[in-house]
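Notes to accompany the following structure.
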Amino acid sequence: MAEDLWMPSHHVMYDKECVLEGAMVKYMSQIRNWSCKDDDVFVCTYPKCGTTWVQAIVWQIMHNVDTNWSGIKTMDSVFPMMEWPEMDVNPSEDAAPVDLSVRPSPRLMKTHMPFRLLCDDVQNQKTKARIIYVTRNPKDAVVSYYYFDTGFYLEGVTDPRYPALTFSQFLERFFNDLCICGSYWTHNLEFWERRHWENILFLKYEDMMKDPWTHVKKIAEFLGKDLTDQQVSSITETTSFKNMKSNKTVNYEYFTEMRTEGATPFMRKGKVGDWKNHFTVAESERMDKEYKKKFGGTGLTHDFELKPEDYK
Ligand code: PPS
């Protein structure tokens, strides 16, 4: 409904079609002009599709299976979000921009930016820098996004009306590409169309849930690391939902002070199919129709529920 589509004061329309959090705008030129090194690793996702899980796996692979996360305070400090890297220290909109290029190699970074806003080196295949893209079915992704995004409240930044959005109102915004990072559909398709590139690994959250061990192995191979089966098992265990949820380094517990009272924690449910507890029948049918319209014929498919026998 049109009346639900107002622009919150902390959002801006960037590049005519991509909504950003105001604080992200100052990073757009750094992201676009990034000079890649061949050992850079980017975890790219539409929000809430499995970013943190894959980051944790990548970090473990690149750090000799250090299951104690030695010396690390937050995932953001070692694996920053390119469009908002100071999130863990100073999330205010007027914080001075951080120069990410000076980070020690291999530079591990996450970004939710659509492919077309990434740097020319990536867009024109002038780099061997590796990109791991994770997708998730849109129903679970939007539920997760709703709880995450409306649970934030940054004094003086967040539009006070925003945390009061209902799920249906948030969903309406999703259908209209008005969530931060814009269109879920375009975001996915831009990477899906390039999934055969040598430096892109395209993963699905639901497949990772079904068989995490094989995915850890696959990610390690993609990153050129030869792990023993025992090391793969250790990483799989360390990065399980249960273990990540109880680990301060990776569970984003520090977000709590920026969240509204009663907001769900970052590590919320970690399930496939929770959408059934949130969508009305009409909303689900609308999403199915949209899914067919946008992804039909592209070959991109998702699981929307898993049966016990699907888990390996
Ligand atoms: S963000 O803010 O965009 O970076 O969020 P992102 O990490 O992409 O997605 C958060 C959702 O992923 C779930 N999660 C996991 N699921 C399974 N296993 C592991 N290890 C794991 N880690 C995070 C997290 O709980 C969010 O999903 P929901 O459905 O909200 O629980």
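The numbers here are math on the coordinates, done by the rules we state, and not lab data. The structure displayed is predicted, hence computed values, not measured ones. Cβ: placed from backbone, ideal geometry, glycine included. Neighbour counts: every protein chain shown.
Pulled fully out, how much extra length does the chain show between ASP159 and SER233, if you take 0.36 nm times their separation in residues and subtract their Cα-Cα distance?
22.2 nm
I'm checking a number: the convex hull volume of the Cα atoms of the chain, normalised per residue, in Å³. What is it?
It is 136 Å³ per residue.
Here are some pairs, LYS37/LYS294; LYS48/LYS276; LYS126/LYS292; LYS210/LYS289; which of them have Cα atoms lying more than 24 Å apart in this structure?
The answer is LYS37/LYS294; LYS126/LYS292; LYS210/LYS289.
Give the peptides 150-159, 183-192 in descending order of average Cβ contacts within 10 Å, highest first.
183-192, 150-159
Dipole magnitude of the range 174-312 about its Cα centre, charges +1 at Lys/Arg Cβ and -1 at Asp/Glu Cβ only, in debye to the nearest 20?
The calculated dipole for the range 174-312 is roughly 100 debye.
Please build a GNM for the chain, connecting alpha carbons under 10 Å apart, and tell me which residue among THR52, THR236, THR67 fluctuates the most.
Its mean-square fluctuation being the largest, the pick is THR67.
Find the eigenvalues of the gyration tensor of the Cα atoms of the range 142-209, then list the square roots of 5 times those eigenvalues as equivalent ellipsoid semi-axes, largest first, in whole angstrom.
Numbers: eigenvalues 172, 33, 31 Å².
Result for the range 142-209: semi-axes of 29, 13, 12 Å.
FRET efficiency for LEU5 and THR214, Cβ-Cβ distance as r, R0 = 30 Å, nearest 0.05?
Given R0 = 30 Å and the Cβ-Cβ separation, E is 0.15.
Report the one residue of HIS63, MET24, ASN277 whose Cα lies farthest in the direction of the positive end of the charge dipole of the chain (charges on C-beta: Lys and Arg +1, Asp and Glu -1; origin at the Cα centre).
After comparing all options, I get HIS63.
Taking the Cα centre of the chain as origin, sum charge times position over the Cβ atoms of Lys and Arg (+1) and Asp and Glu (-1), and report the length of that vector in debye to the nearest 20.
Computed about the Cα centre, the dipole is about 620 debye.
Expected output is a single nm value to one decimal: the length gained when fully extending between LYS289 and HIS196, i.e. 0.36 nm times separation in residues minus the C-alpha distance. What is it?
That works out to 30.7 nm of additional length.
With an 8 Å Cα cut-off and a minimum separation of 6 or more residues, compute the relative contact order for the range 54-132 in percent. Could you put the intermediate results ahead of the total?
Details: 41 pairs, mean separation 20.6, N = 79.
Relative contact order here is 26 percent.
Answer rounded, prolate or oblate for the range 76-216, using the Cα gyration tensor with square roots of eigenvalues a ≥ b ≥ c: rounded when a/c is under 1.5, else prolate when a/b is larger than b/c, else oblate.
Oblate, since a/c reaches 1.5 and b/c is not below a/b.
Any idea what diffusion coefficient the range 1-64 gets from Stokes-Einstein, in µm²/s, Kirkwood Rh on alpha carbon pairs, 20 °C, 1.002 mPa s?
So the translational diffusion coefficient is about 144 µm²/s.
Is the shape of the range 8-146 rounded, prolate or oblate, going by the alpha carbon gyration tensor and its root eigenvalues a ≥ b ≥ c, with a/c under 1.5 for rounded and a/b larger than b/c for prolate?
rounded
Along Cα→Cβ, 7 Å out, is where each label goes; now give me the distance between the ones at LYS242 and ASP66 in nm to one decimal.
2.6
Under the rule of -39500 (n - 2.57) per DSSP H run of 4 or more residues, summed and divided by the residues of the chain, what mean residue ellipticity at 222 nm is obtained, to the nearest 500 deg cm²/dmol?
-9000 deg cm²/dmol
Where does each of HIS112, HIS278, HIS63 land when they are ranked from fewest to most other beta-carbon atoms within 10 angstrom?
HIS63, HIS278, HIS112
If you look at just the Cα atoms of the range 238-278, how large are its Rg and its Dmax in Å?
Gyration radius and largest Cα-Cα distance of the range 238-278: 11.6, 31 Å.
For the chain, calculate the relative contact order in percent as a whole number, restricting contacts to Cα pairs under 8 Å that are 6 or more residues apart.
25
Sorted from fewest to most neighbouring beta carbons within 10 Å, what does the list CYS119, CYS49, CYS179 look like?
Ranking CYS119, CYS49, CYS179 by Cβ neighbours within 10 Å, fewest first, gives CYS119, CYS179, CYS49.
Taking the number of other C-beta atoms within 10 Å as the exposure measure, put ASP140, ASP149 in order starting with the fewest.
Result, fewest neighbours first: ASP149, ASP140.
Loop-only trypsin sites (Lys or Arg not before Pro) in the range 136-216, please: DSSP not H, G, I, E or B, and at most 15 other Cβ atoms within 10 Å. Walk me through the numbers on the way to the answer.
Details: sites: ARG136, LYS139, ARG161, ARG173, ARG194, ARG195, LYS204, LYS210; in loops: ARG136, ARG161, ARG194, ARG195.
The qualifying sites are ARG161, ARG195.
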